[in-house]
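The values are calculated or read from the model by the stated rules, or taken from the named source; none is laboratory data. All values reported here derive from a predicted model rather than from experimental measurement. Every residue, glycine as well, gets a Cβ built from its backbone with ideal geometry; the counts of neighbours run over all protein chains shown. We work out accessible area using only protein heavy atoms, side chains counted, and drop any ligands, DNA or RNA first. Shrake-Rupley method; radii C 1.70, N 1.55, O 1.52, S 1.80 Å.
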Amino acid sequence: MTEDMYSMYESMGIRREVAAFGDAVAESLTERFSAIDATAEYNQLKVVHAMQENRVSEACLFPSSGYGYNDIGRDTLEKVYASVFHTEDALVRPLIACGTHALGIALAGNLRPGDELLSAAGKPYDTLEEVIGIRPSRGSLAEYGITYRQVDLLADSSFDFAGIRAALNSKTKMVTIQRSKGYQTRKTFSVSQIGEVIRFIKSIRPDVICMVDNCYGEFVERIEPSDVGADLIVGSLIKNPGGGLAPIGGYIAGRRDLVENAAYRLTTPGLGKEVGASIGTNPAFYQGFFLAPTVTASALKSAIFAANIYEKLGFSVVPNATESRHDIIQAVTFGSPEGVIAFCQGIQAAAPVDSYVTPEPWPMPGYDSDVIMAAGAFVQGSSIELSADGPIKPPYAVYFQGGLTWPHGKLGILMSLEKLVEKGIVKL
Ligand SMILES: *Cc1c(COP(=O)(O)O)cnc(C)c1O
């Protein structure tokens with residue numbers, strides 16, 4: 001590291017030893033980072049190709065209002081998503097409030113009373129419990145007479161093929177598969193593992209709808225679950241595919257009839273995709289999708305950097321320093337509340353927004369322990385931006401994700417290390 005770089009880091013409050021330690025780790029990752037850059041290059045071409053093929057024009061960036069009939073920007077963007085994901089159709093809307101909403105309408109739009117939903121990847125993401133009615137909730141699928149079954153993963157986080165075979169029955173209409181581990185301790189599935197389980201399911205029940213919760217997975221690999229047989233893929237625009245620029249939104253891509261069914265639930269039967277003004281979100285959606293491959297690469301580098309820094313210091317990290325990656329989430333186990341708090345305070349101190357506030361643990365609704373969250377994001381709650389959170393309970397792990405640029409992700413991790421050194425939790 002050059003002298004002017006050290007003094008720049010020093011001006012940010014990062015001591016020389018921390019910067020030097022980080023730099024040595026970063027140096028050791030050159031080869032891995034160039035493989036990530038190659039994936040970003042491939043995916044960048046995929047996105048630009050889709051934009052050209054669908055003749056994205058200046059008019060696509062104009063806002064629409066009211067009903068939003070003939071919103072060419074919105075309709076063309078949905079074609080671009082469909083081209084990138086190699087699907088028949090897509091629904092990409094600012095009216096989709098978040099990832100949970102997108103998953104909720106994909107499910108509710110395609111299931112009918114008497115149908116059964118099967119989760120092939122064990123317990124789904126927390127917020128889906130109330131959508132499905134695993135935890136009783138008003139308006140859940142359960143209230144509409146849609147039943148639910150779940151096949152837990154095996155001890156090594158792999159799919160329980162025999163269990164899935166046994167659970168599929170004449171009522172099973174849809175299977176949901178969550179790609180990312182989210183905030184669980186299992187492993188994240190690769191796209192090829194997802195393809196394997198979908199082939200297995202289709203060999204038994206070719207007509208069953210396979211939906212993949214693709215949150216945090218987009219553009220991490222060169223292929224997506226829709227390339228290996230998923231009928232629907234679903235995600236949030238304040239994660240990978242929004243590229244940090246989308247201020248809101250979600251997407252559903254897949255088979256035309258299934259996407260339409262979801263649209264009839266998002267708006268109303270009869271109206272479907274025809275209504276829903278984009279009210280000025282098109283420029284951010286297009287530009288964000290354009291940036292998404294490199295932004296995802298930055299988040300991945302930041303996660304790998306964190307894994308290597310903290311594994312080297314003796315902490316347990318999931319995924320570990322050398323494992324291949326299938327999403328952008330990094331868990332680090334500190335084993336003490338002080339470690340979790342110092343890490344999150346470092347991430348906050350590195351933020352472009354609200355860097356001067358000090359996050360503290362608090363009893364968040366829906367959690368069974370205090371939780372500390374670090375997020376100094378341009379878009380509230382955006383987790384493609386540098387962010388971290390940790391429940392204050394054993395094993396005292398933090399979940400770290402995002403980083404719109406690699407230099408910023410690096411700064412965040414170095415700042416977290418600085419705080420741990422300051423508190424005497426880590427010695428270099
Ligand atoms: C984030 C996430 C969701 C839900 O997204 P929200 O935007 O928070 O509603 C669902 N599944 C997974 C795996 C996620 O990571």
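Could you point to the residue in 404, 121, 391 farthest towards the positive end of the chain's charge dipole, with +1 and -1 charges on the Cβ of Lys/Arg and Asp/Glu respectively?
121
Quick check: Cα centre of the range 200-217 to Cα centre of the range 63-97, how many Å?
Taking the Cα centre of the range 63-97 as reference, the centre of the range 200-217 is 23 Å away.
Roughly how big is the range 62-289's charge dipole about its Cα centre, with Cβ charges of +1 (Lys, Arg) and -1 (Asp, Glu), in debye to the nearest 20?
It comes to approximately 280 debye.
Give the separation of the Cα centroids, the range 112-184 to the range 251-304, in Å.
What the calculation gives is 24 Å, centre to centre.
Roughly how many Å is it from the Cα centre of the range 30-49 to that of the range 366-382, as a whole number?
Their Cα centres are 30 Å away from one another.
On a 32 Å Cα-Cα criterion, which of the cross-link pairs 46/171; 202/273; 173/393; 273/410; 202/393 come out too long?
In this structure, 46/171; 173/393; 273/410; 202/393 exceed 32 Å between Cα atoms.
Starting from the amide H of residue 426, placed 1.01 Å from N in the peptide plane, find each other amide H under 5 Å away whose residue is 5 or more places distant or on another chain.
Under 5 Å from the amide H of residue 426: 421.
Relative to the Cα centre, what is the charge dipole magnitude of the chain, using +1 at the beta carbon of each Lys and Arg, -1 at the beta carbon of each Asp and Glu, and rounding to the nearest 20 debye?
Roughly 820 debye for the chain.
Per residue, how much accessible area does the chain have with a 1.4 Å probe, in Å²?
Accessible area per residue: 41 Å².
Mind checking which helices in the chain clear 27 Å along their axis (Cα) and have mean Kyte-Doolittle hydropathy of 0.0 or more, DSSP H runs only?
Sorted by number, the helices that extend far enough and score high enough are 282-312.
Determine, from the Cβ-Cβ distance of residue 135 and residue 323 and an R0 of 25 Å, the FRET efficiency 1/(1 + (r/R0)^6), rounded to the nearest 0.05.
0.20
Between residue 89 and residues 5 or more places away or on another chain, which pairs have amide H atoms under 5 Å apart, with H built 1.01 Å from N, and which residues are they?
Here the answer is 254, 256, since their amide H atoms fall under 5 Å of that of residue 89.
In terms of the Cα gyration tensor, with a ≥ b ≥ c the square roots of its eigenvalues, is the range 290-428 rounded because a/c is under 1.5, prolate because a/b exceeds b/c, or oblate?
Taking the square roots of the gyration eigenvalues as a ≥ b ≥ c, the range 290-428 is rounded.
For the chain, give me the percentage of DSSP beta bridges that are antiparallel, rounded to the nearest 5 percent.
60 percent
What percentage of the solvent-accessible surface of the chain, computed with a 1.4 Å probe over protein heavy atoms, is contributed by carbon and sulfur atoms?
55 percent
So how strong a dipole does the range 25-164 carry about its Cα centre when Lys and Arg Cβ are +1 and Asp and Glu Cβ are -1, to the nearest 20 debye?
380 debye
Kindly write out, for the range 129-146 in residue order, the coupling ³J(HN,Hα) from the Karplus curve 6.51 cos²θ - 1.76 cosθ + 1.60 (θ = phi - 60°), rounded to whole Hz, with x marking Gly and Pro.
4, 7, 5, 7, x, 4, 9, x, 7, 5, x, 5, 4, 4, 5, 8, x, 9
Show the residues, 5+ positions off or on another chain, whose built amide H is closer than 5 Å to the amide H of residue 371.
362, 364, 392
Taking θ as phi - 60°, what are the ³J(HN,Hα) couplings along the range 322-335 by the Karplus curve (6.51, -1.76, 1.60), each to the nearest whole Hz, with x for Gly and Pro?
10, 4, 6, 10, 10, 8, 9, 8, 10, 9, 10, 9, 9, x
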